[in-house]
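A.B. asks: So that we are looking at the same thing, I have put the structure below in C-alpha cells.
The values are calculated or read from the model by the stated rules, or taken from the named source; none is laboratory data. Remember, predicted model here, so these are calculated numbers, not experimental data. Cβ atoms come from the backbone with ideal geometry, glycine included; neighbour counts cover every protein chain shown.
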C-alpha cells in the first residue's frame, strides 16, 4: 500500500476545501439553515408530532442527509473530474499508485469533507430546533457510511461526465427528487398503502430511515435492512469503479 501516494491525493483534495470555504461549507450550511427556519421553526411549530417527535426535530435527519448526499457527490465528482479536464489525470495514472489507492485518496477526502459538513449542520440545527440523539455511535456510523457510499457514487459520476453540466445532471435531476420523496419531510406510514409500497423502491428511504432511527429510535424500515441496503449500494459502486479502471473507461482517452 502506497501510503505516501494516498496522503498526497488526500491532502491536496482537503486543501481545496479550505481554498473554497464559502462554497464548500458556508453555502450548504446556510441553505440547510433556511430549511430549519422555515420548516422547523415556522411551519413545525404549527404542526403536530410525528411518532411522538416534534415536526421540527423529525425533519432534521432528512435535511442532514440531503446536504450529505449532495455534498458527497459534488466533492467526489469534481475532485476526479478536474484532473480529467486539465489533463493531469495521466500523471495520476502513470504514478506508482494502484486504482485502490487513487480511490482511497479521492473518496476518502470527499467523505471526510462531507462528514465534517454533516456534523456542522447538526450543530447549527441546535440553534433552531431542539432534538436528541438516542444512539450517537450509530448516528456517526450511518453518517460516515453514507458519506463514503455516495462519495464513491460521485466518483463514478466524475469519471462519466465529460462536461461541467453533466456533473450536475444526476444530483439535481435524480438524487434531489429521491431525497424529497424519501421521507425527508414526512413518514412514509402517512402515505396510502400503494404509495408506501412504491416508496420502498426509493433507495434514499433506507438512508433516511436508518439515520432517523439513530436519533429517535423510530424508523419506517427495519434498521438492519437500512444498513444492508447502504452496504449493497457501496459494493455496487466499488464494482463499477473496479470495472472502470480495468477497462480505462473515459480515463485513457
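A.B. asks: Would you check if there is a residue in the stretch 86-103 being under 17 Å from the mean Cα position of the chain (by Cα), at pLDDT 90 or above, farther than 17 Å from residue 185 by Cα and assigned to a helix (DSSP H, G or I)? Lay out the reasoning, then the answer.
C.D. replies: Initially, the stretch 86-103 is screened for residues under 17 Å from the mean Cα position of the chain (by Cα), giving 103.
Retained after the next criterion (residues that are at pLDDT 90 or above): 103.
Those still in the list that are farther than 17 Å from residue 185 by Cα too: 103.
Checking the rest, the ones that are also assigned to a helix (DSSP H, G or I) come to 103.
So far as the stretch 86-103 goes, yes, one or more of its residues are under 17 Å from the mean Cα position of the chain (by Cα), at pLDDT 90 or above, farther than 17 Å from residue 185 by Cα and assigned to a helix (DSSP H, G or I).
A.B. asks: Sticking with this structure for a sec: Kindly check whether there is at least one residue in the stretch 212-234 that is farther than 19 Å from residue 138 by Cα and surrounded by 13 or more Cβ atoms within 10 Å (Cβ to Cβ). Full working, then the answer.
C.D. replies: Residues of the stretch 212-234 that are farther than 19 Å from residue 138 by Cα, as a first pass: none.
Checked the stretch 212-234: no residue is farther than 19 Å from residue 138 by Cα and surrounded by 13 or more Cβ atoms within 10 Å (Cβ to Cβ).
A.B. asks: Further question: How many residues are at pLDDT 80 or above and surrounded by 13 or more Cβ atoms within 10 Å (Cβ to Cβ) when one looks only at the stretch 10-25?
C.D. replies: 7
A.B. asks: Kindly indicate whether any position in the stretch 66-87 is over 21 Å from residue 19 (Cβ atoms) and surrounded by fewer than 23 Cβ atoms within 10 Å (Cβ to Cβ).
C.D. replies: So far as the stretch 66-87 goes, no, none of its residues is over 21 Å from residue 19 (Cβ atoms) and surrounded by fewer than 23 Cβ atoms within 10 Å (Cβ to Cβ).
A.B. asks: Which members of the stretch 30-52 meet the condition of being part of a helix (DSSP H, G or I) and out of contact with any helix residue (DSSP H, G or I) (no Cβ under 6 Å at 6 or more places or on another chain)?
C.D. replies: To start, the set of residues in the stretch 30-52 that are part of a helix (DSSP H, G or I) comprises 30-46.
30, 31, 34, 37, 38, 39, 41, 42, 43, 45, 46 - these are the residues of the stretch 30-52 that are part of a helix (DSSP H, G or I) and out of contact with any helix residue (DSSP H, G or I) (no Cβ under 6 Å at 6 or more places or on another chain).
A.B. asks: Would you check if residue 155 is in a helix (DSSP H, G or I), under 30 Å from residue 99 (Cβ atoms) and without any contact (Cβ under 8 Å) to a residue 24 or more places away in the chain?
C.D. replies: No: the conditions fail for residue 155.
A.B. asks: Take residue 208 and decide whether it is touching a helix residue (DSSP H, G or I) at 6+ places or on another chain (Cβ under 8 Å), at pLDDT 90 or above, within 30 Å of residue 130 (Cβ to Cβ) and not in a helix (DSSP H, G or I). I'd like the intermediate steps shown before the answer.
C.D. replies: Details: touching a helix residue (DSSP H, G or I) at 6+ places or on another chain (Cβ under 8 Å): yes; at pLDDT 90 or above: yes; within 30 Å of residue 130 (Cβ to Cβ): yes; not in a helix (DSSP H, G or I): no.
Against the criterion (touching a helix residue (DSSP H, G or I) at 6+ places or on another chain (Cβ under 8 Å), at pLDDT 90 or above, within 30 Å of residue 130 (Cβ to Cβ) and not in a helix (DSSP H, G or I)), residue 208 does not qualify.
A.B. asks: Mind checking which residues of the stretch 213-239 are in contact with a strand residue (DSSP E or B) (Cβ under 9 Å, 6 or more places away or on another chain) and part of a helix (DSSP H, G or I)?
C.D. replies: Kept after step one, since they are in contact with a strand residue (DSSP E or B) (Cβ under 9 Å, 6 or more places away or on another chain), are these residues of the stretch 213-239: 215-216, 218.
Across the stretch 213-239, the qualifying residues are 215, 216.
A.B. asks: Still on this model: Would you point out the residue of the stretch 117-126, among those that are without any contact (Cβ under 8 Å) to a residue 60 or more places away in the chain and part of a helix (DSSP H, G or I), that is nearest to the chain's Cα centre (by Cα)? Can you show your working first?
C.D. replies: Of the stretch 117-126, the ones without any contact (Cβ under 8 Å) to a residue 60 or more places away in the chain are 118-119, 123, 126.
So of that shortlist, the ones also part of a helix (DSSP H, G or I) come out as 118-119, 123.
Details: 118: 9, 119: 13, 123: 18 Å.
That would be 118.
A.B. asks: Those residues that are over 27 Å from residue 7 (Cα atoms), surrounded by 15 or more Cβ atoms within 10 Å (Cβ to Cβ) and out of contact with any helix residue (DSSP H, G or I) (no Cβ under 6 Å at 6 or more places or on another chain), I need them from the stretch 123-142; list them, please.
C.D. replies: none
A.B. asks: Among the numbered criteria (1) over 22 Å from residue 222 (Cα atoms); (2) surrounded by fewer than 14 Cβ atoms within 10 Å (Cβ to Cβ), which one does residue 195 miss?
C.D. replies: Here residue 195 meets the rest and fails (1).
A.B. asks: Looking at 164, 185, 140, 180, can you tell me which residue is out of contact with any strand residue (DSSP E or B) (no Cβ under 9 Å at 6 or more places or on another chain) and modelled with pLDDT of 90 or more? Step through it out loud before you land on a result.
C.D. replies: Details: 164 fails: modelled with pLDDT of 90 or more; 185 fails: modelled with pLDDT of 90 or more; 180 fails: modelled with pLDDT of 90 or more.
That would be 140, the only listed residue that is out of contact with any strand residue (DSSP E or B) (no Cβ under 9 Å at 6 or more places or on another chain) and modelled with pLDDT of 90 or more.
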